[in-house]
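One structure is given below, encoded as structure tokens.
The values are calculated or read from the model by the stated rules, or taken from the named source; none is laboratory data. Everything numeric here is computed off the predicted structure, so don't read it as measured data. Virtual Cβ from ideal backbone geometry, glycine too; neighbours counted across all protein chains shown. For accessibility, only protein heavy atoms count, side chains too; no ligands or nucleic acids. Shrake-Rupley method; radii C 1.70, N 1.55, O 1.52, S 1.80 Å.
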Amino acid sequence: MTGVATLIRQPWLWAWVGALVVWLATAVFTGGKGSGEVLSAAMTFGAFFVIVALGQMFVITLGPGNVDLSIPACMTLAGTVAMKSMDGASAMIPVGLLLALVIGAGVGTLNYSLIRLLRIPPIIATLSSSFIFQSAAIWWNRGLRVKPPEALADFTTAKIAGVPVIALFVVVLAILGHVLLTRTIYGRGVVAIGQNMRAAHLAGVKVERIRAATYIMCATLAGLCGYLLAAFSGGAALNMGEEYLLSSIAVVVIGGTSVAGGFANVPGLWGASLFLFLLVTMLNTFGAGAGVRLVLTGLIIIGVIVAASGGKART
Amino acid sequence: MKSLLKVTLYMTTAAGMLLGQSAMADTSDKRIALSNNYAGNSWRQAMLRSWEKVTSEAVSNGVVAAADAFTTAENQVTEQAAQIQNLILQGYDAIVINAASPEGLNGSVKEACDAGVTVVSFDGIVTEPCAWRIAVDFKQMGKDEVLYLAEKLPDGGQLLEIRGLAGVFVDDEISAGIHEGVAETGKFEIAGSVHGNWAQDVAQKAVAGILPSLPDDIVGVVTQGGDGYGAAQAIKASGRDMPIIVMGNRHDELTWWKEQKDANGYETMSVSIAPGVSTLAFWVAQQILDGADVPKDLTVPFLRIDQDNLEENLANTEAGGVANVEYSLEDAQEVIKGAM
């Protein structure tokens with residue numbers, strides 16, 4: 001019995017329950033037809049959400065006001081530069097990956113410098129820096145789509161027994177993230193800072209070093225996501241990151257991470273990513289109009305968040 | 001094509017000088033500004049490049065004194081309204097606008113008109129009566145897609161509709177045209193509809209999600225441009241037979257079409273608006289400044305690509321860009337005459 005009670009109190013549970021419910025609702029509506037394919041698609045597209053949300057989760061956990069709004073621009077810049085440098089040559093795949101990661105790290109370093117050295121609040125700093133990165137992406141290739149190398153495109157779209165390879169890869173990434181959050185000094189430091197920055201500092205947590213590492217990691221993951229997404233969708237586009245701004249935050253919050261910081265979990269990210277994709281798929285399948293769909297999406301997200309925080313209040 | 005346009009432009013210049021009552025003489029001290037609300041996709045980038053190319057030539061030939069392009073950063077109505085007010089203060093004789101909202105800018109546009117500034121809106125038009133509108137007949141565009149499919153598929157069947165960005169006027173219009181075409185031809189049924197936001201990756205995701213729940217005999221996909229390649233990727237991944245996907249003139253869409261055409265004789269068509277429509281708006285503004293009698297409502301011609309002129313258009317399209325034409329003074333005069 002205590003096992004069930006503990007499970008119900010898990011903040012990530014609600015996202016998974018939500019994902020399961022909308023998936024079953026879709027399956028009932030279509031009479032079970034194609035449910036496996038829907039799930040496979042959800043894993044593919046959910047994987048991209050999880051990559052950026054993992055970084056965003058660490059940033060949000062740093063406490064009130066910490067958020068990275070430069071994720072879409074960073075994805076676009078990394079994707080654009082990597083695709084153009086590889087120019088479709090399979091031999092350049094590692095170089096492209098390295099470039100995307102370096103650009104991400106550079107973006108994160110710049111973001112943190114603005115926050116730390118110029119003392120600009122993170123929301124403003126990352127929003128304004130995103131204009132610079134977006135402009136850099138436009139300047140670099142003027143919005144032209146360069147096709148990814150064949151081998152890389154094949155990797156991002158490959159499946160083993162119906163399970164997308166990229167989803168397996170991101171599951172491993174998420175496990176690493178989970179270990180980083182719960183089993184390392186760095187992860188515990190992030191949570192401590194989010195709960196009380198001053199107390200964390202007095203307890204010997206290297207606050208600024210951890211904040212710097214967090215912003216750099218978040219942007220590096222965004223760069224990685226931009227690289228993979230550009231490879232997956234046949235080239236980088238200037239607006240490719242757009243929907244990842246709100247989604248990255250929504251996934252973190254629906255997944256049961258506290259938006260006020262100091263409280264995070266990784267399993268919820270996967271649940272929330274699958275939930276968001278399946279929700280839109282369900283409403284599309286029902287043939288709901290765009291207006292109805294947006295209103296329902298909003299209401300259901302609010303519902304899940306309320307359910308998740310209700311669970312927490314009982315503890 | 002480009003050199004032909006250039007030649008016609010030079011010829012007009014020469015003819016105008018000879019006749020001595022040229023458009024150029026009258027507008028050579030006029031300054032035209034482009035107020036653009038958004039630059040974050042390949043279509044808008046091509047639009048700005050076309051503007052730059054055609055107007056810089058016009059400026060160096062002395063047709064106008066200046067033709068500067070200004071783009072707002074945030075795609076916000078308030079920001080563009082402030083930008084237009086600045087342009088009025090800077091003393092431009094004409095402002096060419098691609099507007100963030102059909103109604104939101106009307107106040108600033110009215111101010112511009114009252115200050116004696118000519119306002120020409122295109123693509124994203126404004127409803128303020130004092131401004132000129134170069135509008136796209138998006139409804140007809142949607143209808144044309146269905147008419148093409150009706151011709152290719154005499155037996156009709158199930159269609160998948162990919163829409164654009166929810167809540168945007170263009171999306172409603174194209175979709176209305178598609179539904180009108182479906183009702184008129186009476187042999188199609190729209191089995192599913194998703195929003196692809198005019199982006200390949202979003203369309204790919206949305207189509208991949210809805211495909212499993214659709215019947216197996218989808219015969220056609222009607223689109224809005226920028227989403228055809230993503231749809232093709234999603235359908236390919238599902239292992240279904242490839243339906244006729246109407247394309248939207250993007251390079252990746254045309255390339256994919258060409259590959260399929262060579263491999264298995266795949267047939268479709270592609271339609272969109274050339275980003276060079278900004279240059280049409282430029283010439284219309286120049287004509288108005290020149291004192292020409294121009295009706296307030298003009299229509300942009302579509303750029304349609306068919307099976308037989310695919311190769312030619314693909315060759316003229318920049319890798320990764322979108323099929324484009326730049327308009328000349330004569331093209332503008334023809335459009336004006338057509339609307340009289």
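Which residues does a label at A:Phe169 reach in the stretch A:24-53, if reach means a backbone N under 16 Å from a point 7 Å past the Cα toward the Cβ? Residues A:43-53 fall inside that zone. Compute the FRET efficiency between A:Ala199 and B:Asp306 as 1/(1 + (r/R0)^6), taking r as their Cβ-Cβ distance and R0 = 60 Å, and round to the nearest 0.05. My answer for the efficiency is 0.30. Computed over the stretch B:20-168, the range of Cα coordinates on each principal axis works out to 60, 39, 28 Å, biggest value leading. Are there residues in the stretch A:211-242 whose accessible area shrinks by at least 10 Å² when all protein chains are included rather than the chain by itself, and which are they (probe 1.4 Å, ligands and nucleic acids not counted)? Checking the loss per residue gives A:Leu229, A:Phe232, A:Ser233, A:Gly234, A:Leu238, A:Asn239, A:Met240, A:Glu242. Compared with its chain on its own, the stretch B:204-236 contains the following residues whose accessible area drops by 20 Å² or more in the full protein assembly (probe 1.4 Å; ligands, DNA and RNA excluded): B:Gln204, B:Lys205, B:Ala208, B:Gly209, B:Ile210, B:Pro212, B:Ser213, B:Tyr229. Round to a whole angstrom and tell me the spacing of the C-alpha centers of the stretch A:192-242 and the stretch A:1-68. The two parts, judged by their Cα centres, are 20 Å apart. Spin-label pair A:Ser85-A:Glu150: with each label point 7 Å from Cα along the Cα-Cβ axis, the two points sit 2.4 nm from one another. Here chain B carries DSSP beta bridges of which approximately 10% are antiparallel, counting only pairs with both residues inside. Please go through the residue pairs B:Lys152/B:Lys258; A:Lys84/B:Lys53; B:Lys143/B:Lys258 and name each one whose alpha carbons sit more than 27 Å apart in this structure. In this structure, not one pair exceeds 27 Å between Cα atoms. Calculated mean residue ellipticity at 222 nm for chain A: -25000 deg cm²/dmol, from DSSP H runs with n ≥ 4 weighted as -39500 (n - 2.57), summed, divided by the residue count and rounded to 500. Note on the protein assembly as shown: with charges restricted to the Cβ of Lys and Arg (+1) and Asp and Glu (-1), its dipole about the Cα centre is near 3440 debye. Positive end of the dipole of chain B (Cβ unit charges, origin at the Cα centre): among B:Pro215, B:Thr118, B:Ala191, the Cα lying farthest that way belongs to B:Thr118.
I want to check the label-to-label distance for B:Gln85 and B:Glu180. Put each point 7 Å from Cα in the C-beta direction and report it in nm to one decimal. Going from the B:Gln85 label point to the B:Glu180 one covers 3.8 nm. Each label point was placed 7 Å from the Cα along the Cα-to-Cβ direction; for B:Lys110 and B:Glu151 their separation is 4.6 nm.
With a cut-off of 17 Å on the backbone N, the residues of the stretch A:12-55 near the modelled label site 7 Å out from A:Phe286 along Cα-Cβ are A:18-32. On full extension, the segment bounded by A:Ile124 and A:Thr109 gains 3.9 nm, given 0.36 nm per residue less the C-alpha separation. The Cα atoms of the stretch A:2-313 cover 55, 52, 36 Å along the three principal axes, with the biggest extent listed first.
Between B and A, buried accessible area from a 1.4 angstrom probe totals roughly 2700 Å², ignoring ligands, DNA and RNA. Looking at the stretch A:1-89, none of the chymotrypsin sites (Phe, Trp or Tyr not before Pro) sits in a DSSP loop with at most 11 other Cβ atoms within 10 Å of its own Cβ. With the Cα gyration tensor of the stretch A:143-258 giving a ≥ b ≥ c as the square roots of its eigenvalues, does the rule (a/c under 1.5 for rounded; else a/b larger than b/c for prolate; else oblate) give rounded, prolate or oblate? Verdict is prolate for the stretch A:143-258.
Remark: the Cα gyration tensor places chain B in the prolate category, a/c being 1.5 or greater and a/b exceeding b/c.
Looking at the protein assembly as shown, the DSSP beta bridges with both ends there are about 15 percent antiparallel.
For B:Lys110, the lysines whose Cα falls under 23 Å of its own Cα, not counting residues fewer than eight places away in the same chain, are B:Lys30, B:Lys296.
When its C-alpha radius of gyration is set against 2.2 N^0.38 Å (N residues), the stretch B:118-192 gives a value of 1.34.
Per-residue shielding of B:191-200, expressed as the average number of other chain Cβ atoms within 10 Å of the residue Cβ, stands at 4.
Shown for the stretch B:138-272: the carbon plus sulfur share of the solvent-accessible area, taken with all protein chains present and a 1.4 angstrom probe, equals 47%.
With the charge dipole of the stretch A:84-173 set up from +1 on Lys and Arg Cβ and -1 on Asp and Glu Cβ about the Cα centre, the Cα lying farthest toward the positive end among the listed residues A:Gly162, A:Ile120, A:Ala100 is that of A:Ile120. The residues of the stretch B:138-272 have, on average, 33 Å² of accessible surface per residue, using a 1.4 Å probe with all protein chains present. For the stretch B:181-276, what class follows from the C-alpha gyration tensor (a ≥ b ≥ c being the square roots of its eigenvalues): rounded when a/c is under 1.5, otherwise prolate if a/b is larger than b/c, else oblate? In terms of gyration-tensor shape, rounded. Taken as Cα centroids, the stretch A:132-184 and the stretch B:222-294 sit 28 Å apart, rounded to the nearest whole angstrom.
For the stretch A:2-313, the dipole from Cβ point charges (+1 on Lys and Arg, -1 on Asp and Glu) about the Cα centre works out to 660 debye, to the nearest 20. With the biggest extent put first, the Cα atoms of the stretch B:117-252 measure 57, 32, 25 Å across the principal axes. Ranked from largest to smallest solvent-accessible area, with a 1.4 Å probe on the protein heavy atoms, B:Lys261, B:Lys152 come out as B:Lys152, B:Lys261.
Placing unit charges on the Cβ atoms only, positive for Lys and Arg and negative for Asp and Glu, gives chain B a dipole magnitude near 440 debye about its Cα centre.
Contact residues in the stretch B:302-340 (at least 40 Å² less accessible area with all protein chains than alone, 1.4 Å probe): B:Gly320.
The largest accessible area among B:Tyr38, B:Tyr327 belongs to the first residue in B:Tyr38, B:Tyr327, and the rest follow in falling order (1.4 Å probe, all chains). Selection among A:Val207, A:Ala153, A:Leu229 by position relative to the dipole of the protein assembly as shown gives A:Val207 as farthest towards the positive end (Cβ unit charges, Cα centre).
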